[in-house]
1. Please report the accessible area of F179 (heavy atoms, 1.4 Å probe, ligands and nucleic acids excluded) in Å², nearest 10.
2. Between Q154, T65, S109, whose Cα lies farthest towards the positive end of the dipole of segment 48-197 when Lys and Arg beta carbons carry +1 and Asp and Glu beta carbons carry -1, centred on the Cα centre?
3. At a Cα cut-off below 20 Å, give the lysines reachable from K17, other chains included and same-chain residues fewer than 8 away excluded.
4. Suppose R0 equals 35 Å; then what is the FRET efficiency for S116 and E3 from their Cβ-Cβ distance, rounded to the nearest 0.05?
5. If the chain between S109 and T49 were fully stretched, how many nm would it gain, using 0.36 nm times the residue separation less the Cα-Cα distance?
6. Only loop residues by DSSP count here, and only those with at most 14 other Cβ atoms within 10 Å; note down the trypsin sites (Lys or Arg not before Pro) in segment 147-177 that meet that.
7. Please list, by residue number, everything in segment 131-156 whose backbone N is under 13 Å from a paramagnetic label point 7 Å out along Cα→Cβ of S169.
8. In segment 82-125, which GluC sites (Glu not before Pro) are in a loop and have at most 11 other Cβ atoms within 10 Å, using DSSP for the loop call?
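The values are calculated or read from the model by the stated rules, or taken from the named source; none is laboratory data. Being a predicted model, the structure only gives us computed values, none of them experimental. Cβ placement follows ideal geometry from the backbone for every residue including glycine, while neighbour counts extend to all protein chains displayed. Please note that ligands, DNA and RNA were not included when accessible areas were found on the heavy atoms of the full protein model with its side chains. Shrake-Rupley method; radii C 1.70, N 1.55, O 1.52, S 1.80 Å.
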Amino acid sequence: YPEAPKGMTPSYSGDEKFYINRLETGKTARKTLTLDLEDSLSPGLHNVTLNAVYEDRSGNSYSETLGIPLRIEGRPDLETSHEKLRMKAGDTVDLPLEIENTGEQDAESVSARIISERAQPFSLEDRSGYIGEIESGDTGETILRISAERSAEQRSHRIQVQLRANGDSEEGDRSVYTFTETKEIEINGRRQSPLIY
């Protein structure tokens, strides 16, 4: 009967209890225990307890507590600064993105990508930018150019920024992480037409 610490739950009903049948002296049995880990679970060494109940050939019952050490590795966690971008309808401006790694692990091959819906009044000259590695606690920057249509409604608009990173290869992390954040763009005023009549 596995007992997982706080922040871990068995993935399937079969992981709450499993049966091993007969186990001869000197023999081993292998079982797979699948656990769901909460995002808030702190990295480090955790212990999963197994309450084993068994009998000998004479029918005598025994119980024993076994411990399984489980190391939870850190992961990168990326977020952007929440500064609002202000521009005029018809303008083309640089959208600076400052990306901070607040996770416990370095982030490799970091890139940022703007996701704009078709109905939004923007066109993207630079849809994505490459940052590279951002160590834990550090920041990286990239600049993407964005244009607002002259007919854009004067109000605050929201666009999605998707951050993508690989885990720290030196730690053996081959995972790919994605983070999606919302950036606010306020359109205030309209750019004057350069046409001369």
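1. 20 Å²
2. Going by the charge dipole, the pick is Q154.
3. K6, K31
4. It comes to 0.15.
5. 17.8 nm
6. R150, R155, R174
7. 133
8. E83, E117, E125
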